[in-house]
């Protein structure tokens with residue numbers, strides 16, 4: 001019987017492309033799919049001549065793997081992962097390794113790591129980003145789980161991962177149990193934010209300035225050669241420049257109701273659980289939710305009207321340099337989004353006992369993944385200067401960048417509000433930026449209100465933290481106790 005270096009279960013597009021990627025790097029891969037016809041189609045099609053081993057039963061699949069057996073799952077998150085794991089466990093031996101490469105919830109990965117360890121097996125939850133192209137030619141891979149499994153899969157995963165310019169793979173051990181999938185979740189949350197800040201720039205240029213798609217495409221191409229150099233900026237330029245058979249912009253026939261798969265929502269929920277702000281990502285998630293209320297929006301537009309002038313007349317008041325101001329608003333909001341993302345990673349590391357290397361995480365995202373951008377090198381440099389940096393907003397590079405962008409950022413938010421163009425990401429990022437650098441916020445009034453109606457107590461500015469007081473607010477001159 002032929003033997004395989006690694007096995008993969010789940011031959012949807014991502015799974016197929018990862019198998020071909022592994023085969024390109026000299027690994028023999030066994031594959032299994034619940035639907036045998038899918039396996040046959042793959043072997044007779046994309047995998048023809050690669051040496052990939054097809055199997056018809058899960059028993060046959062397991063038996064052809066070298067030890068310790070390495071099994072990668074590329075199946076739908078949730079119940080399907082547990083179902084496959086339960087099928088595999090009786091067939092595996094102590095020390096064998098299961099790798100979940102799907103978009104699983106990090107708490108499921110924590111549970112699976114513990115459960116499988118009790119059965120003598122090793123689990124890795126590997127976040128993988130890059131889509132179909134990344135899976136085929138080099139994704140970003142964020143593995144976490146049982147540290148004892150890493151030496152047995154490191155070579156394969158780093159070989160197939162994307163590489164930065166100096167050859168460093170965009171794959172490295174993130175941390176124990178759910179750390180890998182948590183990092184991928186935050187990546188996806190930041191991705192939501194990146195897409196929203198780009199969409200707001202497009203909306204401002206199209207509706208506010210009345211720019212043509214060709215002109216907008218040219219702007220994004222120019223931006224892609226500067227501070228905003230990134231994959232998402234590049235593909236936005238391509239999208240804006242694309243026309244249909246009649247020469248009309250393809251973008252304008254796409255329904256404006258955005259979908260989502262849940263990782264952005266998970267990021268926001270986790271931020272609430274940990275008490276750290278992800279305000280820009282939250283607004284990006286809610287912007288998709290609002291977009292999906294298409295019928296209600298159409299009715300509301302008829303009833304309430306719109307402040308937006310579709311001809312772009314507002315742009316005459318904004319000035320010829322307004323595009324540069326939009327650039328600054330996008331860049332500054334992006335900085336805030338990433339700062340919030342790394343603050344959340346820091347909070348999660350403390351909560352779950354993960355010793356995360358934030359600069360290395362930024363490099364894992366440098367190539368292969370959806371948020372890949374030159375900007376990430378600046379983040380790595382910031383954490384190299386100060387590994388315990390509590391926020392990117394406190395690093396000199398980003399402090400200077402925000403100061404330079406400040407006036408344009410405020411100009412854009414002010415103009416958008418005046419024109420009735422929603423910019424939830426830009427405005428929420430600006431609000432966080434202003435709040436974060438405020439020595440005094442009005443939360444003292446909130447604490448007083450809480451103490452008034454619920455006797456929740458408060459701390460005082462003239463006493464040490466941790467001492468709590470209560471006032472009888474209905475009795476004038478009442479003393480705090």
| Single match in 194, 146, 115, 108 (criterion: under 26 Å from residue 284 (Cα atoms) and surrounded by fewer than 21 Cβ atoms within 10 Å (Cβ to Cβ)) | 108
| remark: When (1) surrounded by fewer than 20 Cβ atoms within 10 Å (Cβ to Cβ); (2) touching a helix residue (DSSP H, G or I) at 6+ places or on another chain (Cβ under 8 Å) are applied to residue 29, the one that fails is (1)
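Could you check, for region 203-210, whether at least one of its residues is without any contact (Cβ under 8 Å) to a residue 40 or more places away in the chain, at positive phi and surrounded by fewer than 23 Cβ atoms within 10 Å (Cβ to Cβ)? Write out each step before concluding.
As a first pass, look at region 203-210 and keep what is without any contact (Cβ under 8 Å) to a residue 40 or more places away in the chain: none.
Looking for residues that are without any contact (Cβ under 8 Å) to a residue 40 or more places away in the chain, at positive phi and surrounded by fewer than 23 Cβ atoms within 10 Å (Cβ to Cβ), one finds none in region 203-210, hence no.
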| field | Residue check for residue 409: touching a helix residue (DSSP H, G or I) at 6+ places or on another chain (Cβ under 8 Å) and assigned by TED's automatic domain parsing to the domain that holds residue 200 | value | yes
| region 418-434, subset crowded, with 20+ Cβ neighbours inside 10 Å and not in a helix (DSSP H, G or I), residue modelled with the lowest pLDDT | 421
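When you scan region 191-202, do you find a residue that is more than 30 Å from residue 105 (Cα to Cα), in contact with a helix residue (DSSP H, G or I) (Cβ under 7 Å, 6 or more places away or on another chain) and not in a strand (DSSP E or B), even just one?
Of region 191-202, the ones more than 30 Å from residue 105 (Cα to Cα) are 201-202.
Pick out the ones that are also in contact with a helix residue (DSSP H, G or I) (Cβ under 7 Å, 6 or more places away or on another chain) and you get 201-202.
Next, from what is left, pick out any that are not in a strand (DSSP E or B): 201-202.
Checking region 191-202: at least one residue is more than 30 Å from residue 105 (Cα to Cα), in contact with a helix residue (DSSP H, G or I) (Cβ under 7 Å, 6 or more places away or on another chain) and not in a strand (DSSP E or B).
Looking at 384, 448, which is the one that is loosely packed, with under 15 Cβ neighbours inside 10 Å and touching a helix residue (DSSP H, G or I) at 6+ places or on another chain (Cβ under 6 Å)?
384
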| task | Give me a count of the residues in region 222-275 that are in contact with a helix residue (DSSP H, G or I) (Cβ under 6 Å, 6 or more places away or on another chain), farther than 26 Å from residue 188 by Cβ and either part of a helix (DSSP H, G or I) or in contact (Cβ under 8 Å) with a residue 40 or more places away in the chain (or both). | result | 1
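Under the condition of being outside any helix (DSSP H, G or I) and over 29 Å from the mean Cα position of the chain (by Cα), which residue from region 284-309 is modelled with the highest pLDDT? Even if it seems obvious, please write down each step before you answer.
Here is the first cut: in region 284-309, the residues outside any helix (DSSP H, G or I) are 293, 305-309.
Restricting the remaining residues to those that are over 29 Å from the mean Cα position of the chain (by Cα) gives 305-309.
Working: 305: 86, 306: 77, 307: 67, 308: 70, 309: 57.
Ranking the candidates gives 305 first.
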| field | Scope region 328-365; condition on the phi > 0 side of the Ramachandran plot and free of Cβ contacts under 8 Å to residues at least 40 places away in the same chain; matching residues | value | none
| note | Filtering region 120-138 down to residues that are at pLDDT 95 or above, farther than 20 Å from residue 174 by Cα and out of contact with any helix residue (DSSP H, G or I) (no Cβ under 6 Å at 6 or more places or on another chain) yields 120, 137
| task | Pick out the one residue from 172, 146 that is outside the structural domain of residue 335 (by TED's automatic domain parsing), modelled with pLDDT of 95 or more, in contact with a strand residue (DSSP E or B) (Cβ under 9 Å, 6 or more places away or on another chain) and closer than 25 Å to residue 340 by Cα. | result | 172
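Could you list, in sequence order, all residues of region 53-74 that are assigned to a loop (DSSP other than H, G, I, E, B), surrounded by 14 or more Cβ atoms within 10 Å (Cβ to Cβ) and touching a helix residue (DSSP H, G or I) at 6+ places or on another chain (Cβ under 6 Å)?
Of everything in region 53-74, those that are assigned to a loop (DSSP other than H, G, I, E, B), surrounded by 14 or more Cβ atoms within 10 Å (Cβ to Cβ) and touching a helix residue (DSSP H, G or I) at 6+ places or on another chain (Cβ under 6 Å) turn out to be 55, 68, 74.
Could you list, in sequence order, the residues of region 376-406 that are free of Cβ contacts under 8 Å to residues at least 24 places away in the same chain and farther than 24 Å from residue 350 by Cβ? Give the steps one after another, and end with the answer.
From region 376-406, those free of Cβ contacts under 8 Å to residues at least 24 places away in the same chain are 376-378, 380-382, 385-386, 388, 394-397, 399-400, 403; that's our starting set.
Scanning region 376-406 gives 377, 378, 396, 397, 399, 400, 403.
The values are calculated or read from the model by the stated rules, or taken from the named source; none is laboratory data. Just so it is clear, the structure is predicted and the values come from calculations on it, not from any experiment. For neighbour counting, all protein chains shown are included, and Cβ atoms are generated from backbone atoms with ideal geometry for every residue, glycine included.
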